Amino acid sequence: MKYDNQFPSSPRQTGLEPAPGRLLIAEPMLSDLIFSRTVVLLCEHGSDGSVGFMLNRKTQFTLNDLLPGIQAPLLPVYQGGPVQADTLHMLHRIPEMLEGKELVKGIFWGGNYDALKLSAVNNYIQPENIRLLMGYAGWGAGQLDKELEEGSWLVSEADVNLVFEMDASQLWRRAVESLGPDFTELTMLPINPQLN
């Protein structure tokens, strides 16, 4: 992960450790093009590594594009991360319809893809109840912990409304603001501070 240490700052801490169901919020000086100003929902974190999904990289695709032959309401698809970008994943808050593993109260990961297809065709799923994602973000053993020590990420609790209802273009800013007034100044920093 590239972190621009030439901009005067010190890594900020929220007091939270990474864990399934928590958010990773990219520090504004994180200069990695893939992860710049992203918000990642962690789904797995342990000694073997970590897995999560970027929530605020909307693509031009919809579910109809990925499942040819179905005609369903236009459910948007997001870039979940650079790993296995040809795979489809889902985060949702409708376990009665799609099943899945509960990460934290109201946020489910995975589920029944046949039910997804059937529910989409029958117009049972509203866009604010699901995030469809291509690919995922992955870290090897110890890699995420090292990035946290370097100050690349802030950790926060996941908020259901932030995960599912916030417009992708506003998600990073709102996630930072949710950390409180000590962090709000981060939203005013330019994407590349060296250009300022």
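The values are calculated or read from the model by the stated rules, or taken from the named source; none is laboratory data. What you are looking at is a predicted structure, and each value in this text was computed from that prediction instead of being measured. Cβ sites come from the backbone with ideal geometry, for glycine too, and all protein chains shown count toward neighbours.
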Taking segment 147-178 on its own, how many of its residues are in a helix (DSSP H, G or I) and closer than 28 Å to Asp86 by Cβ?
9
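For Glu128, indicate whether it is part of a helix (DSSP H, G or I) and closer than 18 Å to Ala158 by Cβ. Before the answer, list the steps.
Details: part of a helix (DSSP H, G or I): yes; closer than 18 Å to Ala158 by Cβ: yes.
For Glu128, the condition - part of a helix (DSSP H, G or I) and closer than 18 Å to Ala158 by Cβ - is met.
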Ala85 vs (1) in a strand (DSSP E or B); (2) among the small types (Gly, Ala, Ser); (3) closer than 15 Å to Ile130 by Cβ: all pass except (3)
Per the filter on segment 28-46, residues under 14 Å from the mean Cα position of the chain (by Cα) and either surrounded by 22 or more Cβ atoms within 10 Å (Cβ to Cβ) or closer than 24 Å to Gly110 by Cβ (or both) are Ile34, Phe35, Thr38, Val39, Val40, Leu41, Leu42, Cys43, Glu44
Given (1) in contact (Cβ under 8 Å) with a residue 40 or more places away in the chain; (2) surrounded by 12 or more Cβ atoms within 10 Å (Cβ to Cβ), identify the lone condition not met by Glu177.
(1)
In segment 94-122, what count of residues is obtained for those that are surrounded by fewer than 16 Cβ atoms within 10 Å (Cβ to Cβ), modelled with pLDDT under 95 and polar (S, T, N, Q)?
1
